[in-house]
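The values are calculated or read from the model by the stated rules, or taken from the named source; none is laboratory data. A quick note: this is a predicted structure, and the numbers were derived from the prediction, not measured. As a convention, Cβ positions derive from the backbone with ideal geometry for all residues, glycine included, and neighbour counts pool all protein chains shown. Each accessible area value is taken on the protein alone, full model and side chains, heavy atoms only, with ligands, DNA and RNA left out. Shrake-Rupley method; radii C 1.70, N 1.55, O 1.52, S 1.80 Å.
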Amino acid sequence: MVTRKRVSPAVTDQPDSDLANGKPRSSRLIRTAAVTIGLLIAIVVAFVIIRVVVDWPSILDGTDPDDDFAERYVDNPWRAYLHIGPGLVYLLGAPLQLSRRFRARHYTVHRRLGRVLLACALLGATFALLFGIPLAWGGAGESVATVVFGCWFIACLVLAFRAIRRDDVPQHRRWMIRAFAVGVGIGTIRIWVGIFEGIEQAMSGGTTPTAPDPTMFAIAFWLAFTMHVAIGEWWLRRTPALSG
Ligand code: HEM
């Protein structure tokens, strides 16, 4: 049996952001990122609650919901909730894993929790493809976005796992940050959908749309995920950890 040497990130991966490029640690940047991530996760949690409240009475009663948007979730509960449930667990646990303080203090927990969250993220992403390709509200535009960013999300997770198997902590950190940047983009999709619905409402003289416009929904996917991939790359340049 090969015995793997585990090196604590407290030793090898210390500067998440301190002394990046010789600059002093930017705690304000980290605070801003933490608050933004907190808000995005809160948005996702709110939409998970809305889904559960709207879908589950119909799923349990075997009845059809009133709106077409919800019907896809009610008619395909396994696909939908094997995406949403594990995805939510990943999204709630990942910020803890990315916290340098948490890793340094609880490295064993970081490793164990990491395996659970990795499994949840892969499961959630697989069901994102199984739900999002055939059943996308936003049609082909959303399906293609789901394939592009869903596969990118899975690739980042797999590469992060491979990196840590060879004890390459800086590369592990980089790929996990890339994956998280995509995952938390789900909250930004909802912000774009809200903006588009606001514009639609204003243009139609105040009528509240019952469901998002499909084209706008697809555009929201592309805008949010592209932004998040770019921001992830920017973050990695701004906060290179050692040689990572
Ligand atoms: C990582 C954590 C994730 C969480 C917590 C999550 C959560 C959710 C939620 C709550 C919905 C329902 C949306 C609504 O009612 O407005 C949803 C739908 C969906 N998600 Fe995710 N998601 C995650 C990641 C992803 C990823 C990485 C992809 C692929 C790029 C993805 C693709 C989709 C698709 C295609 C839908 C269906 C949208 C529709 O047409 O109704 N999700 N997700």
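Annotation: per residue accessible area for the chain equals 54 Å², rounded to a whole number [probe 1.4 Å, protein chains only].
As an exercise, use a Förster radius of 25 Å and the Cβ-Cβ distance of I191 and V147 to find the FRET efficiency, rounded to the nearest 0.05. Present the calculation step by step, with values, prior to reporting the outcome.
On the way: r = 23 Å, r/R0 = 0.90.
For R0 = 25 Å, the calculated efficiency reads 0.65.
Backbone geometry of region 102-116 corresponds, through the Karplus equation with coefficients 6.51, -1.76 and 1.60 at θ = phi - 60°, to 3J(HN,Hα) couplings of 5, 4, 5, 7, 10, 5, 5, 4, 4, 5, 5, 4, x, 5, 4 Hz, x marking Gly and Pro. What the phi angles of region 222-235 give under the Karplus curve with 6.51, -1.76 and 1.60, with θ = phi - 60°, is a coupling list of 5, 4, 5, 5, 5, 4, 5, 4, 5, 5, x, 5, 4, 4 Hz, glycine and proline written as x.
If R0 is 25 Å, the Cβ-Cβ spacing of T126 and F47 corresponds to a FRET efficiency of close to 0.75.
Which value in deg cm²/dmol, rounded to the nearest 500, describes the helix-derived mean residue ellipticity at 222 nm for the chain, given -39,500 (n - 2.57) per DSSP H run of n ≥ 4 and division by the residue count?
-26500 deg cm²/dmol
Each 5 Å bin, from zero up to the one with the longest distance, holds this percent of the alpha carbon pairs of the chain: 1, 6, 12, 17, 18, 15, 11, 8, 6, 4, 2, 0, 0, 0, 0. Per-atom-type breakdown for region 17-238 gives carbon and sulfur 67% of the accessible area (1.4 Å probe, protein chains only). Region 94-132 and region 171-233 have their alpha-carbon centroids 22 Å apart.
Could you please report the charge total around G232, scoring K, R as +1 and D, E as -1 over all other residues with beta-carbon less than 13 angstrom from its beta-carbon?
+4
Taking the Cα centre of region 17-238 as reference, the dipole from Cβ charges on Lys and Arg (+1) and Asp and Glu (-1) amounts to some 2200 debye.
Annotation: extensible slack from R162 through R238 equals 25.0 nm (criterion: 0.36 nm per residue apart, minus Cα-Cα distance). Taking only Cα atoms, what is the 0 to 90° angle, nearest 10, from helix 77-98's long axis to the longest principal axis of the chain? Helix 77-98 sits roughly 30 degrees off the main axis of the chain. Across region 57-65, computed HN-Hα scalar couplings (Karplus, 6.51 cos²θ - 1.76 cosθ + 1.60, θ = phi - 60°) run x, 5, 4, 6, 7, x, 10, 8, x Hz from first to last residue, x flagging Gly and Pro.
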